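Worksheet: the structure to be examined is printed underneath.
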Amino acid sequence: MFKNALYYQEEKESYKAKVLSCQVLEGKEKAAWEKRVGKSFPALFLLRLSEEPFYPEGGGQAPDKGTIDGAELLFAENVEDEYIVHLLPTALPVGKEVLCKVDYAYRRRQSENHSGEHIFAGLINRRFGYSNVGFHMELLGENPHVTVDFNGELSEETLSELESAVNAVIRKNLAIEEKYVEEGDSEDAESEKSSERLTEEVQSGSFERERKTREFRQKKALSGAIRVVSIPGVDSCACCGTHVKRTGEIGLFKILSLEKHRGGTRVFLLSGELAFLDTQKKEKLLLEASRKLSTDYQNLSERVDKLKEQTEEERGRRIRLSLQAVEMLGN
């Protein structure tokens, strides 16, 4: 995690940086990277830059996409919180100033979904005390989705209420803030943590008012400078990912499905533009099914039930006719 990284400081699509080093990858090391990105290349190189314009993989969030001096960025990785390496199929001269272009549309989708997940996980933690024990964003391909694992059971009814509650927070257009806690200094850390404790009353959709005092959420023990992302009255969580500036920028939050997972619940969801596109796709399928069944979508479920009954009746009729035919042949 890099406090002064450009991906935290600025919302731009292009940056300038100098190439600090360019390492050619060979043998097993090259093969390992090819396996990681799922594709073979004639040559591969690891670059270090003077700036950090590209978000590296971490915290359940995939690395940024983009180009460096016109070459496709294949991957960006944080090396022990000391520096970031950038995987390229092309070598670049050390010392050269290069133009780094970030795929900002992809970054934006990641930020929308990461911020939506924080609201969702924060509300669950407040109501049930469950922790987010797994988080992954898969935003490419035909079926983009986010998965979040909780160490407790959640029902479909509860998730429906939570979906409404998250969208209520989005409509409030609350600020999404960040600050840093220095765990290395216990006295300062305790002071910072105290300022992070949330004691205000919360009204979230149909949830009852509740009062809780807690520190920021975190999945594992952390040291050094800890970046804490907070939404006043909603959530406060240690996080290295990118986020939108206000909840209203998310636009929409949708729960796709759920399943039992290791004694808890795995929830599939989407936020932002991808949530809208998913809803739009499903609405088109619903309208198409309604047209084919000569009904409107409000009565689609009833129409399907009637067709099911008719099918069962027809199946029963055919069985009876078959039995009668067998009986007649036996005579």
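The values are calculated or read from the model by the stated rules, or taken from the named source; none is laboratory data. Bear in mind that the values here come from a model prediction, so they are computed numbers and not experimental data. As a convention, Cβ positions derive from the backbone with ideal geometry for all residues, glycine included, and neighbour counts pool all protein chains shown. Surface accessibility is based on the protein's heavy atoms, side chains included, excluding ligands, DNA and RNA. Shrake-Rupley method; radii C 1.70, N 1.55, O 1.52, S 1.80 Å.
Compared with the alpha-carbon gap, the fully stretched path from Glu77 to Lys179 is longer by 34.4 nm at 0.36 nm per residue. Packing, taken as the mean count of other beta carbons within 10 Å per residue, orders the peptides 37-44, 315-322 from highest to lowest as 37-44, 315-322.
With +1 assigned to the C-beta of every Lys and Arg and -1 to the C-beta of every Asp and Glu, and no other charges, what is the dipole magnitude of the stretch 16-65 about the Cα centre in debye, to the nearest 20? The partial results should precede the final answer.
On the way: 9 positive and 7 negative charges, 27 e Å.
Here the size comes out at about 140 debye.
Sorting the segments 142-150, 27-35 by their mean number of nearby beta carbons within 10 angstrom, highest to lowest, gives 142-150, 27-35. Which FRET efficiency, nearest 0.05, do Arg36 and Ala105 yield, Cβ-Cβ r, R0 22 Å? The pair Arg36/Ala105 has a calculated efficiency of 0.40. Rounded to the nearest Hz, the phi-derived 3J(HN,Hα) couplings of the stretch 161-177 under the Karplus curve 6.51 cos²θ - 1.76 cosθ + 1.60 (θ = phi - 60°) are 5, 5, 4, 5, 5, 4, 5, 5, 5, 4, 5, 6, 6, 6, 5, 9, 10, where x marks glycine and proline. What a 1.4 Å probe finds exposed on the stretch 1-124 is 46% carbon and sulfur by accessible area, rounded to a whole percent.
With a/c under 1.5 counting as rounded, go ahead and sort the stretch 23-138 into rounded, prolate or oblate using the C-alpha gyration tensor (a ≥ b ≥ c being the square roots of the eigenvalues; past the cut-off, prolate if a/b is larger than b/c, else oblate). Display every interim value, and only then the final one.
Details: a/c = 2.60, a/b = 1.97, b/c = 1.32.
In terms of gyration-tensor shape, prolate.
Using the Cα gyration tensor of the stretch 82-164, with a ≥ b ≥ c the square roots of its eigenvalues, what is the shape: rounded (a/c below 1.5), prolate (a/b larger than b/c) or oblate (neither)?
Numbers: a/c = 3.26, a/b = 2.61, b/c = 1.25.
Here the stretch 82-164 falls in the prolate category.
Per residue, the stretch 1-152 exposes an accessible area of 46 Å² to a 1.4 Å probe, with every protein chain left in place.
To the nearest 10, the accessible area of Tyr7 is 10 Å² with a 1.4 Å probe. Taking amide H as placed 1.01 Å from N in the peptide plane, the amide H of Ile226 sits under 5 Å from that of Val181, Glu182, Glu183, each at least 5 places away or on another chain. Accessible area per residue for the stretch 224-326 is 61 Å², calculated with a 1.4 Å probe on protein heavy atoms, without ligands, DNA or RNA. The 3J(HN,Hα) values that the Karplus relation (6.51, -1.76, 1.60; θ = phi - 60°) gives for the stretch 19-24 are, in residue order, 7, 8, 7, 9, 9, 7 Hz. Gly and Pro appear as x. Magnitude of the charge dipole for the stretch 47-181, about its Cα centre and with charges confined to Cβ atoms of Lys, Arg (+1) and Asp, Glu (-1), is about 440 debye.
Fully extended, how many nm does the chain gain between Glu10 and Lys282 (0.36 nm per residue separation, minus their Cα-Cα distance)? Numbers along the way, then the final one.
On the way: separation 272, 0.36 × 272 = 97.92 nm, distance 3.52 nm.
The Glu10-Lys282 span can extend by a further 94.4 nm.
Taking all protein chains together and rolling a 1.4 Å probe, Lys284 ends up with roughly 130 Å² accessible.
Taking 0.36 nm per residue of sequence separation and subtracting the Cα-Cα distance, how much length would be gained by fully extending the chain between Ser301 and Glu142, in nm to one decimal?
Working: separation 159, 0.36 × 159 = 57.24 nm, distance 2.64 nm.
Net length gain for the segment: 54.6 nm.
Across Arg227, Arg108, Arg262, the residue with the most accessible area heads the list, and the full order at a 1.4 Å probe is Arg262, Arg108, Arg227. Under a cut-off of 23 Å between alpha-carbon atoms, report the lysines in cross-link reach of Lys254, not counting same-chain residues fewer than 8 places apart. The qualifying lysines are Lys172, Lys245, Lys281, Lys282, Lys284. Amide H to amide H distances under 5 Å link Leu256 with Phe268, Leu269, Leu270, where only residues 5 or more positions off or on other chains count and H is placed in the peptide plane. The lysines whose alpha-carbon is closer than 17 Å to the alpha-carbon of Lys308, local same-chain residues fewer than 8 away aside, are Lys292. Taking Leu256, Leu47 and ordering them by how much accessible surface each has at a 1.4 Å probe, largest first, produces Leu256, Leu47.
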